[in-house]
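Reviewing the structure listed below.
The values are calculated or read from the model by the stated rules, or taken from the named source; none is laboratory data. All figures in this text were calculated on a predicted structure; none of them were measured in a lab. When we count neighbours, we look across all protein chains shown, and the Cβ atoms used for this are built from the backbone with ideal geometry, even at glycine.
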Amino acid sequence: MSTAVGEHDRLAAVARYASVRPLTDPSFDRIVALAARWFDAPIATVTIVDARRTWFRASCGLTGITQVPRSPGLADSALLADGPYVVADALCDPAASAHPLVTGAPGVRFYAAVPLITGEGYRLGTVDVWDTRPRHADAEQLAALQDLAAVVMEELEGRLRAVSTVRAERRRRKRAEAESAESQVLAATLQRMLAPPQLPAVPGLEIAAHLRTVGPRQIGGDFYDVFALPGGRWAFVMGDVCGKGAEAAALTALIRYTVRAQAQHDPQPVAVLSALNRTLLSAPVEGRPGFCTAMYGLLEREPVSSPRAQRGFGLVLGSGGHPCAYRLRGDGTVDSIRPAGGMLVGALAEATFAERAVRLGPGDALLLYTDGLTEARTPDGSLFGEGGLARFLAAHTGYGASALTEEVTALLNDLGSAVCDDVAVLALTVPETSPGDDAQVLPGPRQAERSGEGQGHD
């Protein structure tokens, strides 16, 4: 922004992102509500700053104002900051004192913001918090504001990537294929964009996933996500939304970003599912209410207790009407994990949710799935069911996450057309290690068999 060329390039980036119509704005509304709550402030906004104006992409506590002329002191000045930008008392600040939001309604005195910066370094706008009285912000509040700005930027980047991919795919296919074939490709592209591009690397944990839709032209509503949280913790979510097509895609996007935003504020499962329930009830997609089942987990690696100790993970698992998860223990046993009392998410304002703390030790695996797997039919026409899945898993303990996911995928292929609904599968395993060495992964029974060793571990 320091030169005409820099500002020209920044405005071009603003135009690119502004041209993307959001799948749903309530995801941003949820973020500004969290920002206002974290600061105990009356107003929070997400802004975009173009050549002549600052306009509000989302706001909490701000009524009757959708844009203001571009003026120094608040968002325009925050764009220049490399981190949080704070004005303790706008009337005493030479740059901010003449800003129309300071001299007029709502009478801003305190202002804190974090710039929204693209991967190329262009500054689009801000996530900011306002108050009508002078005050200060502490380091924890500013760190939370930075986390929320990162979530906003991630959503903007994801929307731009999705739209750019679909547009490019449409142009490439337009001359070569008929309309029916083109719609099939676009649906598959959008479905891929709704899933995480790749699973993160979690120290001490192996993760694998599989997503299967019932038809090549279908945009399904099954989803999963795995993401990092402050303090070395990790979170994951598995869910199944109502409906198919564009509405399901919009609802899936809203759910994923609501979960990520809420987890930055309070990552406990009941808190996340309760916040998601409120969002779905207050933010219908395409004018229709949306609901889902969801299983959300919070992971934290166990501390080192001794040089020879093998480390597992502490897990708090929360349920919102979702099928039970299965834990495949290193000793060959399988148990289902179903927190008692979790209700459907987004159906009732008074819905309650449940959580349960469990441990994943070395050699243990956790499998989450959507109900398309258990509602499939066996060759004799009977329901595969949770019983069939439990028996299948009992024969596959000791597998790593990738191998376990491959086996479930092979099962789906064997069931074939008997699988009548979408299926998402997420597997997490804690590899067995030699005492005191977290880096050396020892083979489980299946891996040993494949390598020709023929010996398992107890």
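Details
- Residue list for the stretch 34-44, restricted to those being surrounded by 22 or more Cβ atoms within 10 Å (Cβ to Cβ) and within 16 Å of Q146 (Cα to Cα): L34, A35, F39, A44
- Selection within the stretch 99-126: residues that are touching a Lys or Arg at 6+ places or on another chain (Cβ under 7 Å) and surrounded by fewer than 22 Cβ atoms within 10 Å (Cβ to Cβ). The member of this set that is nearest to A75 (Cα to Cα) is R123.
- Under the condition of being surrounded by 14 or more Cβ atoms within 10 Å (Cβ to Cβ) and either assigned to a loop (DSSP other than H, G, I, E, B) or outside the structural domain of V14 (by TED's automatic domain parsing) (or both), the residues counted in the stretch 87-97 number 6.
- In the stretch 375-410, residue surrounded by the most Cβ atoms within 10 Å (Cβ to Cβ) [restricted to those that are touching a helix residue (DSSP H, G or I) at 6+ places or on another chain (Cβ under 6 Å) and part of a loop (DSSP other than H, G, I, E, B)]: G398
- Among the residues of this structure, F392 does not count as one that is without any contact (Cβ under 8 Å) to a residue 40 or more places away in the chain and farther than 30 Å from G312 by Cβ.
- Filtering the stretch 383-421 to residues that are at pLDDT below 95, farther than 12 Å from R212 by Cα and of a type in the set (D, E) leaves E386, D414.
- In the stretch 241-284, the residues that are charged (D, E, K, R) and assigned to a helix (DSSP H, G or I): E247, R256, R260, R278
- Among the residues of the stretch 257-273, those that are small (G, A, S) and surrounded by 24 or more Cβ atoms within 10 Å (Cβ to Cβ) comprise A261, A263.
- Pair list, Cβ under 6 Å, 6 or more apart: the stretch 374-389 residue closer than 14 Å to C324 by Cβ, other residue among the aromatic types (F, W, Y): T374/F384
- The stretch 337-372, subset outside any loop (DSSP other than H, G, I, E, B) and in contact with a helix residue (DSSP H, G or I) (Cβ under 7 Å, 6 or more places away or on another chain), residue surrounded by the fewest Cβ atoms within 10 Å (Cβ to Cβ): E355
- Some residue of the stretch 45-62 being surrounded by fewer than 19 Cβ atoms within 10 Å (Cβ to Cβ), more than 27 Å from the chain's Cα centre (by Cα) and of a type in the set (V, I, T): no
- Every residue from the stretch 370-385 that is more than 13 Å from D421 (Cα to Cα) and either outside the structural domain of L344 (by TED's automatic domain parsing) or of a type in the set (S, T, N, Q) (or both): T378, S382
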